[in-house]
Amino acid sequence: MFKKTIPTVNHVVLKSIAVKSTPIFQISRKFATSQLLANASSSSSSSSSSSSSSKNSKENPRIPLSARIKTAFTFTAATTLVIGSAGLASLVIYLVVSELVLPTGDTQVFNRAVSLIEKDSKAQELLELPNGNRLKAYGEVVDNKWTRNRPIASTRRIDKSGKEHLFMRFHVESKAKRGTVQLETIAADVLHPEYSYMYLDVPGESRYYIIEPPKPKLIGSREKTSGFLGIKWGPKETDN
């Protein structure tokens with residue numbers, strides 16, 4: 001008898017993958033933990049932002065309007081005071097320089113006029129001033145005996161051509177006599193004043209011109225020897 005052989009089938013054993021099941025309470029716990037962490041981070045960021053804003057507010061405090069107005073007023077007043085002081089100082093310097101240094105100043109004109117009188121022989125004779133002696137020159141006489149300063153009387157005017165005229169009056173005195181001097185200068189420019197005239201009045205004497213005034217030229221005046229177009233027409237005159 002034949003035995004029936006049944007082939008043996010190798011069964012493939014499949015490894016079962018065990019799926020670990022996570023309980024529900026663990027999931028809820030993890031979610032709560034993540035939520036707490038998120039809330040903590042947001043609170044920390046908000047606290048840090050609030051602290052930084054408070055720090056900035058402390059570093060840059062808001063200035064009141066009254067304080068700003070006061071600061072602006074103080075700055076404006078200080079600037080005005082500085083500019084005014086600078087302008088006043090410039091004016092004082094200009095007056096001092098124009099009065100004492102420039103040849104057209106009153107002091108320079110006065111000193112030069114006194115020197116011209118002292119060197120003039122006729123003026124020395126009228127004032128009985130020995131040659132080489134100095135005159136005492138001063139301004140207007142003031143009635144107040146306590147006033148020692150005697151200012152020089154002077155006036156400045158501008159003519160039509162733009163030239164400045166200086167009119168001055170002062171007194172001179174020697175040991176014997178005294179007199180009054182009047183003069184006029186014309187300033188063609190700042191450095192070169194020209195004396196138009198200068199005369200000396202001594203009581204009991206006639207007026208003496210130290211510098212003669214220029215003679216006025218009449219319009220249309222001609223010399224005796226001149227004729228029409230500068231030519232003398234007619235017969236030649238013969239000497240008798």
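The values are calculated or read from the model by the stated rules, or taken from the named source; none is laboratory data. Just so it is clear, the model here is predicted, and its values are computed rather than measured. Here Cβ is always computed from backbone atoms with ideal geometry, including for glycine, and neighbour counts include all displayed protein chains.
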Could you give every pair whose Cβ atoms fall below 7 Å, whose first residue belongs to the range 145-166 and is modelled with pLDDT of 90 or more, and whose second residue is β-branched (V, I, T), counting only separations of at least 6 or pairs across chains? H165/I186; L166/V109; L166/T185
Checking E205 against (1) more than 28 Å from T104 (Cβ to Cβ); (2) in a helix (DSSP H, G or I); (3) at pLDDT 90 or above, only one condition comes out false. Which one? (2)
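Quick grid of which residues meet (1) at pLDDT 75 or above; (2) within 30 Å of Y209 (Cβ to Cβ); (3) of a type in the set (G, A, S):
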residue: S50; (1), (2), (3): no, no, yes
residue: N56; (1), (2), (3): no, no, no
residue: S66; (1), (2), (3): yes, no, yes
residue: T74; (1), (2), (3): yes, no, no
residue: T104; (1), (2), (3): no, yes, no
residue: R112; (1), (2), (3): yes, yes, no
